[in-house]
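Chemist: Sharing a structure here in structure tokens format.
What follows is calculated from the coordinates using simple rules that are stated; it is not laboratory data. Since the structure is predicted, the reported quantities are computational estimates derived from the model, not experimental observations. Virtual Cβ from ideal backbone geometry, glycine too; neighbours counted across all protein chains shown.
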Amino acid sequence: MEIILKKNVDKLGYANEIVNVKPGYGRNFLIPQGYATLATASAKKAHAEIMRQKSHKESKNLAEAQELAAKIADLTITIATKAGENGKIFGSVNTVQLADALRALGHDIDRKSLKIKDEPIREIGTYEVEANIYKGVKQAFKFEVVSE
């Protein structure tokens, strides 16, 4: 029995895959639980069209992500914060402040996709951060913490 998976199923396959299963497993578990649909001729045709559109959209998103990665590659962001006389800052610099600084420059990157290499940042200096922009597109750039 051929089915089209709607969700990832352990030891069977990933979402949007067409797989063969035993009829009882498909009819009694996968289809009623909403994990799959029956792979009829019309369902296969609709699935092929959806996958074609999805691949087109993903290639467009990948191109945009690579373009953004190229823009931020040479970028150095400056974050001003209150600091003591010995170079220690009050509090720490985190990804929220980095995301706000990037947004101010016109690059909309989610704070959850930013990873500071030497976290936590509690001193003035230059540090490196890695942005996970899209599947397989990561870009590292530098940011500088200065005293106000």
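Chemist: Please work out the FRET efficiency for the pair S147 and S113, using the Cβ-Cβ distance as r and a Förster radius of 30 Å; give the result to the nearest 0.05. Each step should come with its number before you reach the end.
Modeler: On the way: r = 28 Å, r/R0 = 0.93.
It comes out at approximately 0.60.
Chemist: Work out how much length A46 to T78 would gain on full extension: take 0.36 nm times their residue separation and subtract the Cα-Cα distance, in nm to one decimal.
Modeler: Values: separation 32, 0.36 × 32 = 11.52 nm, distance 5.00 nm.
Full-extension gain reported as 6.5 nm.
Chemist: Still on this structure, I have one more. Among V96, G136, A80, pick out the residue whose Cα is farthest towards the positive end of the charge dipole of the stretch 69-147, where Lys and Arg carry +1 and Asp and Glu carry -1 on C-beta, about the Cα centre.
Modeler: Among V96, G136, A80, the one farthest towards the positive end of the dipole of the stretch 69-147 is G136.
Chemist: Please name which of S113, P23, L62 has its Cα lying farthest along the dipole of the chain towards the positive end, using unit charges on Cβ (Lys, Arg +1; Asp, Glu -1) and the Cα centre as origin.
Modeler: P23
Chemist: If packing is taken as the mean number of other Cβ atoms within 10 Å per residue, what is the order of 93-104, 15-26, highest first? Write out the running numbers ahead of the final one.
Modeler: Numbers: 93-104: 16.2, 15-26: 13.7.
Ranked from most to least packed, the peptides come out as 93-104, 15-26.
Chemist: Using alpha carbons only, how many degrees (0 to 90, rounded to 10) separate the axis of helix 95-104 from the longest principal axis of the chain?
Modeler: Relative to the chain, helix 95-104 is tipped by roughly 90 degrees.
Chemist: Same structure again: Could you give the length gained by full extension between N132 and A104, i.e. 0.36 nm per residue of separation minus their alpha carbon distance, to one decimal place?
Modeler: 8.2 nm
Chemist: Return the whole-Å distance between the Cα centroid of the stretch 83-144 and the Cα centroid of the stretch 1-42.
Modeler: Measuring centre to centre over Cα atoms gives 43 Å.
Chemist: Which angle from 0 to 90°, rounded to the nearest 10, does the C-alpha axis of helix 41-72 make with the longest principal axis of the chain?
Modeler: Its long axis makes an angle of about 10 degrees.
Chemist: May I ask you to list the residues of the stretch 26-40 whose amide nitrogen lies under 18 Å from a point 7 Å from Cα along the Cα→beta-carbon direction of K54?
Modeler: Zone members listed by number: 31, 34-40.
Chemist: Sticking with this structure for a sec: Figure the gain on full extension for I18 and V96 (residue separation times 0.36 nm, minus the Cα-Cα span) and round it to one decimal in nm.
Modeler: Details: separation 78, 0.36 × 78 = 28.08 nm, distance 4.13 nm.
So the chain would gain 24.0 nm between I18 and V96.
Chemist: For the chain, report the translational diffusion coefficient in µm²/s to the nearest whole number, using Stokes-Einstein at 20 °C, 1.002 mPa s, and a Kirkwood Rh over Cα pairs.
Modeler: Translational diffusion coefficient: 113 µm²/s.
Chemist: I'd like the Kirkwood hydrodynamic radius of the stretch 1-72, using the inverse of the mean 1/r over distinct C-alpha pairs, in Å. Intermediate results must be reported in sequence, preceding the final value.
Modeler: Numbers: mean 1/r = 0.0726 Å⁻¹.
Computed over the stretch 1-72, the radius equals 13.8 Å.
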